[in-house]
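These notes are about the structure you will find just below.
The values are calculated or read from the model by the stated rules, or taken from the named source; none is laboratory data. What you are looking at is a predicted structure, and each value in this text was computed from that prediction instead of being measured. Surface accessibility is based on the protein's heavy atoms, side chains included, excluding ligands, DNA and RNA. Shrake-Rupley method; radii C 1.70, N 1.55, O 1.52, S 1.80 Å.
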Amino acid sequence: MLPLENVHERLLRAGIKPRHARRYVTELREHLFDLVTQERASGLDARQADERARLLLGSDAQLTAAMLHRGAPRTLAARAPWAVFGIAPLVTLIIAMVLLGKWSMAYFYPYRALSASDIPQTVRAIGIALTFLGSYVIGPALAATCVVTAWRQRLASSWIWAGLALLALASGALGLRVEFLQPQSGAPGGIRGSVIQSTLLVMSIRALRCLRCRFWRCECSDDAWPAKSPDQRRQPRRNHGAAGGLGSAI
Amino acid sequence: MVRETNPNFMAGVPELVILRLLQKREMYGYAIVQAIRAETGDVVSVGEGVVYTVLHALEREHALKSRRKTVEGRSRIYYTVTARGLQRYSDLAKNWTTLAGAIHTVISGKPHAAA
């Protein structure tokens, strides 16, 4: 273990920014080296010089307290873990999904009337990549960022676990999905996109919209649970816009 | 024997001395501690490790700026005083001069001259 590693750990656990803690300890190590050299030059042997230098520099507790007493900058995660681990990942996920959805709508719009077989291979590949990114990359990447942040700052807040659980739920409910539809039973093909993947979430949003209509007496354009005929249930929902389907709920 | 510091009476002194010393030349932490001892005849003794907390606090206030520099094979962080640091030094020196004058008046027993 490097000298003064305990000081580094204590500062991180106290919520000091890792960059500041690292720099402080680096400078202390350099200072310790200079002190040892000075003591060796005064005639002490290696062990005595080490002990004397360490005594001159101060104990781990003193060095930690000095840094904390001076009001060294603390990380946002230490000051407001609820914001960093609870809210920020959710907001980031939603913003990422909305931006990806909007970009997808703009990109796929010119191909909206084509069936899957007529859509260029590159466009299909981009659709698959976007689906993979939206469904399997963004959520886990945000979770990994939270875990790495917590580990780097030695945080032990229950907000980390709560935030990860929320993120897991949100990642399961939100995810970009681009599908290329083949013409079927007389219906033309096209591109279907969705941002919301959870039926429960879609139903909740629709229910909220209907509640709003009941309270404000506005025109409700969407039934909460529209009745479908057996034929409608069998047929996949088609949307010839670039990105629609369940995504229209956002 | 470990050198004793006088923390209660030292409030503001490390900043003052460090800002003064760094006006002459850029220095790194160990050199600053040695210079303080040498310049004050060991009367003012800043804790060896504590000097960095003072330096970092001054840097956060933009009174100092730092850069990493390699001299004789050793890479160290050197500090220099900024324009804001000069202003800070001027304020601190003025306060300490006033305070020292007042204490001197008390010690000598002469009444303080009316302004």
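Comparing the full protein assembly with the isolated chain (1.4 Å probe, heavy atoms, ligands and nucleic acids excluded), the residues of region A:10-56 losing at least 40 square angstrom of accessible area are A:ARG23, A:TYR24, A:GLU27, A:GLU30, A:HIS31, A:ASP34, A:GLN38, A:ARG52, A:LEU56. Contact residues in region B:23-40 (at least 30 Å² less accessible area with all protein chains than alone, 1.4 Å probe): B:TYR30.
Average the reciprocal distances over every distinct pair of alpha-carbons in region A:1-142, invert the result, and give the Kirkwood radius in Å. The answer is 20.1 Å.
Carbon and sulfur: what percent of region A:29-125's accessible surface (1.4 Å probe)? Ligands and nucleic acids excluded, carbon and sulfur give 63 percent. In sequence order, region A:36-48 has phi-based couplings of 4, 4, 5, 5, 4, 5, 7, x, 7, 7, 4, 5, 5 Hz under the Karplus curve 6.51 cos²θ - 1.76 cosθ + 1.60, θ = phi - 60°, and Gly or Pro positions carry x. P(r) for region A:5-74, from all Cα pairs and a bin width of 5 Å, is 3, 18, 26, 20, 14, 10, 7, 3, 0 %, short bins first. Which value, in square angstrom to the nearest 100, describes the accessible area buried between chains A and B on both sides, using a 1.4 angstrom probe? Chains A and B together bury approximately 2100 Å². Lysine pairs in chain B whose alpha-carbon atoms fall under 24 angstrom of each other, counting only those eight or more residues apart or on distinct chains, come to 5. For region A:55-101, the solvent-accessible area of protein heavy atoms averages 47 Å² per residue (probe radius 1.4 Å; ligands and nucleic acids excluded). For region A:65-197, the fraction of alpha-carbon pairs lying more than 27 Å apart is 39 percent, rounded to a whole number.
Equivalent ellipsoid of chain B: semi-axes from √(5λ) of the C-alpha gyration tensor, largest first, are 30, 17, 11 Å. In the assembled protein chains, A:MET105 presents an accessible area of approximately 90 Å² (probe radius 1.4 Å).
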